[in-house]
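Trainee: To start, I am sharing the structure in question, which I have written as structure tokens.
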Amino acid sequence: MRVLVVEDDVRLARQIASALTEAGHDPIIVHDGEHALDKTTETPFDLIVLDIILPGIDGFGVLQNLRSQHVASRVLMLTARGEVKDRVTGLQLGADDYLPKPFAMRELVARVNALGRRYPEEPGLNLRVDDLTLDLATHDVHRGAKQIELSPRELMLLKVLMREPARVFTRTELCERVWEHPHDYDTKLVEVFIGRLRRKIGDPPLIHTVRHVGYTIDSRERH
């Protein structure tokens, strides 16, 4: 599913996004309510993981606005508040489920998966850069007519790049999105996986190194 993660704690947001990516979903992160509303007008999301306590417009305000605009995305609310009234308020405003903090990441993923099973999934969406395609429903990758076999980690890395073509990602950003735990990776590991992806994708090259910055996927040749 395409998931919008609305969480002002940057570290927690990255951990949530990494866990969801590993579970086969496609998360995008924003850190405040205003940007959340902007994103939902630009892109349809299957599910929104929405923290209640946010700078500016809080989670309740975001949810109320979404439902008034007839946005049908499923909403899982996160809250550090223990009061029952907050949970009731969220459900009355149109939330589909809630999860109090602190929570185990595997429980969040399980609840997201459960909400996904509760509703019919939208038809598969393809990511495309030039003649390279990635089917988000089946995880099939093709370069033209040729199918490319990728490992789960290679697939996660490619998915992050293809979600935002022409954006330059630093090595650290890619680490944080693809590997859940800091001790599982270092920036040298990203270079190894980028090299593998380049070999498998073939020529003309689509993944480019931006010197002293990081990597991007782009159909235009970079110098």
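Trainee: How about the stretch 153-168: which of its residues are open to solvent by 50 Å² or more (accessible area, probe 1.4 Å) and either among the aromatic types (Phe, Trp, Tyr) or free of Cβ contacts under 8 Å to residues at least 24 places away in the same chain (or both)?
Mentor: The one that is open to solvent by 50 Å² or more (accessible area, probe 1.4 Å) and either among the aromatic types (Phe, Trp, Tyr) or free of Cβ contacts under 8 Å to residues at least 24 places away in the same chain (or both): GLU164.
Trainee: Next question. Considering only helices (runs of 4 or more DSSP H) fully contained in the stretch 2-70, which possess at least 3 residues that are under 29 Å from ARG153 (Cα atoms)?
Mentor: 10-22, 33-42
Trainee: Give the residues of the stretch 106-115 that are in contact with a Leu (Cβ under 9 Å, 6 or more places away or on another chain), touching a residue at least 40 places away in the same chain (Cβ under 8 Å) and open to solvent by 20 Å² or more (accessible area, probe 1.4 Å), sorted by residue number.
Mentor: Result: VAL109, single match.
Trainee: Quick one: which helices (runs of 4 or more DSSP H) sit completely within the stretch 144-210 and have at least 1 residues that are modelled with pLDDT under 90 and in contact with an Asp or Glu (Cβ under 7 Å, 6 or more places away or on another chain)?
Mentor: Those helices (runs of 4 or more DSSP H) span 152-163.
Trainee: Sticking with this structure for a sec: Would you mind finding the one in LEU76, LEU66, LEU99 that is under 27 Å from LEU136 (Cα atoms), modelled with pLDDT of 90 or more and in contact with a strand residue (DSSP E or B) (Cβ under 7 Å, 6 or more places away or on another chain)?
Mentor: Criteria check complete, one pass: LEU76.
The values are calculated or read from the model by the stated rules, or taken from the named source; none is laboratory data. All values derive from a computational prediction rather than experimental measurement. So basically every Cβ, Gly included, is an ideal-geometry build from the backbone, and we count neighbours across all protein chains shown. With ligands, DNA and RNA removed, areas are computed over all heavy atoms of the protein, side chains included. Shrake-Rupley method; radii C 1.70, N 1.55, O 1.52, S 1.80 Å.
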